[in-house]
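Below is one structure, written out as structure tokens; the observations come after it.
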Amino acid sequence: NILSAALALGTVLFYGFFYTLWLKPNTTQNIVVGGVAGAMAPVIAWAAVAGTVAGPVPWILFGIIFLWTPPHFWALAIMIKDDYARADIPMLPVVRGVEYTSSQILLYTAVLTALTILFGAVADALGLTYMLGAAVLGGAFLWYAYRLRREPDRPAAARLYKYSLLYLALLLVLVMVDSVIA
């Protein structure tokens with residue numbers, strides 16, 4: 001439909017021009033703001049199915065992916081910060097350091113965990129299975145973020161990065177499973 005097509009086009013233009021050409025090479029907040037493009041996928045899908053973006057569900061899904069992006073990507077950026085430094089890309093760990101970045105990762109992970117649990121309370125199709133699973137997955141994500149904050153090094157960043165991939169996949173599987181169960 002027109003709404004989902006317009007949202008998809010706007011997302012591609014935002015990512016291609018604003019993020020890639022201006023934001024990424026000029027600010028340490030590139031991943032945070034650039035995460036908008038990646039987080040638009042559930043909103044676009046919702047618009048394609050429902051013909052609207054009204055209601056909290058598509059926007060909470062947007063928020064989950066938006067908040068997941070910085071911890072996920074900053075962990076990767078810690079792992080390859082020397083490459084970003086050589087390329088003169090102002091990634092947060094290059095400009096502000098690994099310790100500061102790990103603090104930001106912990107903060108974003110805590111807010112993400114709270115939002116995923118809130119999602120279970122707001123979405124009618126979700127129940128106890130999702131809520132418990134989201135709490136366990138979020139707790140583990142917080143543990144990895146905490147460990148990175150205590151030991152801000154490449155191996156801890158690699159563990160968090162790998163877990164972040166598993167986390168998002170399992171969280172979305174929980175949404176699917178609990179939607180069927182409920």
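Could we say that G120 is of a type in the set (G, A, S) and within 20 Å of the chain's Cα centre (by Cα) here? Give the derivation first.
Numbers: of a type in the set (G, A, S): yes; within 20 Å of the chain's Cα centre (by Cα): yes.
Answer is yes for this residue.
Are there helices (runs of 4 or more DSSP H) fully within the range 77-179 with at least 3 residues that are open to solvent by less than 10 Å² (accessible area, probe 1.4 Å) and within 16 Å of I65 (Cβ to Cβ)? List them. First the steps, then the outcome.
On the way: elements: 81-86, 92-95, 98-122, 128-150.
It comes to 98-122, 128-150.
The condition of being touching a Phe, Trp or Tyr at 6+ places or on another chain (Cβ under 9 Å), at pLDDT 95 or above and closer than 20 Å to Y167 by Cβ holds for only one of G63, G38, that being G63.
Every condition in (1) outside any helix (DSSP H, G or I); (2) under 24 Å from A110 (Cα atoms) is met by P42 except one, and the failing one is (1). Of the residues that make up the range 29-49, is at least one of a type in the set (S, T, N, Q) and closer than 26 Å to G120 by Cα? No: zero hits. Remark: pairs (first residue in the range 64-92, of a type in the set (G, A, S); second residue open to solvent by 20 Å² or more (accessible area, probe 1.4 Å); Cβ separation under 6 Å; 6+ apart in sequence or on different chains) = A75/Y161; A85/V94. Is it true that T11 is open to solvent by less than 40 Å² (accessible area, probe 1.4 Å), polar (S, T, N, Q) and within 30 Å of R147 (Cβ to Cβ)? Against the criterion (open to solvent by less than 40 Å² (accessible area, probe 1.4 Å), polar (S, T, N, Q) and within 30 Å of R147 (Cβ to Cβ)), T11 does not qualify.
Which one of P70, P42, P58 is under 13 Å from the mean Cα position of the chain (by Cα) and open to solvent by less than 20 Å² (accessible area, probe 1.4 Å)?
Details: P42 fails: open to solvent by less than 20 Å² (accessible area, probe 1.4 Å); P58 fails: under 13 Å from the mean Cα position of the chain (by Cα).
The conditions single out P70.
In the range 157-173, the condition of being under 24 Å from A41 (Cβ atoms), of a type in the set (V, I, T) and more than 19 Å from the chain's Cα centre (by Cα) is met by no residue.
Test T20 against the criterion of being part of a helix (DSSP H, G or I) and either polar (S, T, N, Q) or at positive phi (or both), and give yes or no. Give the derivation first.
On the way: part of a helix (DSSP H, G or I): yes; either polar (S, T, N, Q) or at positive phi (or both): yes.
Yes.
Which of the following residues is modelled with pLDDT under 95 and either in contact with a Ser or Thr (Cβ under 7 Å, 6 or more places away or on another chain) or under 18 Å from V180 (Cα atoms) (or both): A145, A121, A134? Break it down into steps so the answer makes sense when it comes.
Numbers: A145 fails: modelled with pLDDT under 95; A134 fails: modelled with pLDDT under 95.
Just a single option satisfies the conditions, and that option is A121.
The values are calculated or read from the model by the stated rules, or taken from the named source; none is laboratory data. None of these values were measured; they are calculated from a predicted model. Quick reminder, even Gly has a Cβ in these numbers, built from the backbone with ideal geometry, and neighbours come from all protein chains shown. Keep in mind that these areas ignore ligands, DNA and RNA; they rest on the heavy atoms of the full protein, side chains included. Shrake-Rupley method; radii C 1.70, N 1.55, O 1.52, S 1.80 Å.
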